[in-house]
Structure formats: C-alpha cells, structure tokens
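Undergrad: Can you keep this structure in mind? I'll have questions shortly.
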Amino acid sequence: MITTVKDLKENLNSNFKDEESIYVLFFNKDEIEEYVESKITDSVWAKALKSVDDEEADRDVFTQITEAIKK
C-alpha cells in the first residue's frame, strides 16, 4: 500500500488494536537514496512509487505468510 504517514496512522488506529501484531513494510526516500547514491527529488520519488505493483507485492507477502502457517 502506498500512502501518507497521516493516512496510515488513521488506518491503523481505525482497524487494529494496539496489542495486535501485523506485518508492515516501510520504504522511505532517505533509505533508498543510500542505494542509488544520489539525491531523489519528490517528483522522482512519487513517480517511482506509482510504478510499484501493490497487488504483486501484497500477493508475495501473503503467499509467504500462508506458506509459513501451513508448515
């Protein structure tokens, strides 16, 4: 899911109890800059995020979790 921090906080507060365990992945621009060794502009970052296939990423994580449960 690609979202803002504000919207994520609202989503978490609305849908999960504080003591629940959930699987979450976070990527931010600063972290990625270390690997591309250049400054990433906001427009380049937005374009890169739009290119991510959310459904495929969600499916991969879902498959890994369900496979681990089946073992």
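Undergrad: Estimate the FRET efficiency between residue 35 and residue 66 by the formula 1/(1 + (r/R0)^6), using the beta-carbon distance for r and 30 Å for R0, to the nearest 0.05. Spell out each step's value before the answer.
TA: Numbers: r = 30 Å, r/R0 = 0.99.
It comes to 0.50.
Undergrad: Consider the candidate values (i) 40, 13, 8; (ii) 43, 17, 13; (iii) 26, 18, 12; state which one is semi-axes √(5λ) of the Cα gyration tensor in Å computed from the structure displayed.
TA: Comparing each candidate, only (iii) matches the computed number.
Undergrad: Within the chain, list the GluC sites (Glu not before Pro) lying in a DSSP loop whose Cβ has at most 12 other Cβ atoms in a 10 Å radius. Before the final figure, lay out the partial values.
TA: Numbers: sites: 10, 19, 20, 31, 33, 34, 37, 55, 56, 67; in loops: 19, 20, 37.
Answer in residue order: 19, 20, 37.
Undergrad: Something else: To the nearest 20 debye, what is the magnitude of the charge dipole of the range 5-70 about its Cα centre, counting +1 on the Cβ of each Lys and Arg and -1 on the Cβ of each Asp and Glu?
TA: That gives the range 5-70 a dipole magnitude of about 140 debye.
Undergrad: Can you show me the helix-derived [θ] at 222 nm for the chain, built from DSSP H runs with n ≥ 4 at -39,500 (n - 2.57) apiece and divided by the number of residues, rounded to the nearest 500. Before the final figure, lay out the partial values.
TA: On the way: 4 runs with 45 residues, N = 71.
Computed ellipticity for the chain at 222 nm equals -19500 deg cm²/dmol.
Undergrad: Under a 10 Å cutoff between Cα atoms, tell me which one of 40, 22, 32 has the largest fluctuation in the Gaussian network model of the chain.
TA: Looking only at 40, 22, 32, the biggest GNM fluctuation is shown by 22.
Undergrad: Still on this structure: Along the charge dipole of the range 5-70, pointing to its positive end and built from +1/-1 on Cβ of Lys, Arg, Asp and Glu, which listed residue (35, 46, 23) has its Cα farthest out?
TA: Of the listed residues, the answer is 46.
Undergrad: Which entries of 50/71; 17/50; 6/47; 6/50 show an alpha-carbon separation above 24 angstrom in the structure shown? Intermediate results must be reported in sequence, preceding the final value.
TA: Values: 50/71 35 Å; 17/50 30 Å; 6/47 20 Å; 6/50 18 Å.
Flagged as over cut-off: 50/71; 17/50.
Undergrad: Kindly provide the trypsin sites (Lys or Arg not before Pro) of the range 1-53 that DSSP labels as loop, not H, G, I, E or B, and whose Cβ sees at most 13 other Cβ atoms within 10 Å.
TA: Values: sites: 6, 9, 17, 29, 39, 47, 50; in loops: 17, 39.
Answer in residue order: 17, 39.
Undergrad: Longest segment of the chain with no chymotrypsin sites (Phe, Trp or Tyr not before Pro) in a DSSP loop having at most 15 other Cβ atoms within 10 Å? The partial results should precede the final answer.
TA: Numbers: sites that count: 16, 23, 26, 27.
With a cap of 15 other Cβ atoms within 10 Å, the longest stretch comes to 28-71.
Every number here is computed from the coordinates shown, using simple stated rules; none is lab data. Model, not experiment: these values are computed from the prediction. When we count neighbours, we look across all protein chains shown, and the Cβ atoms used for this are built from the backbone with ideal geometry, even at glycine.
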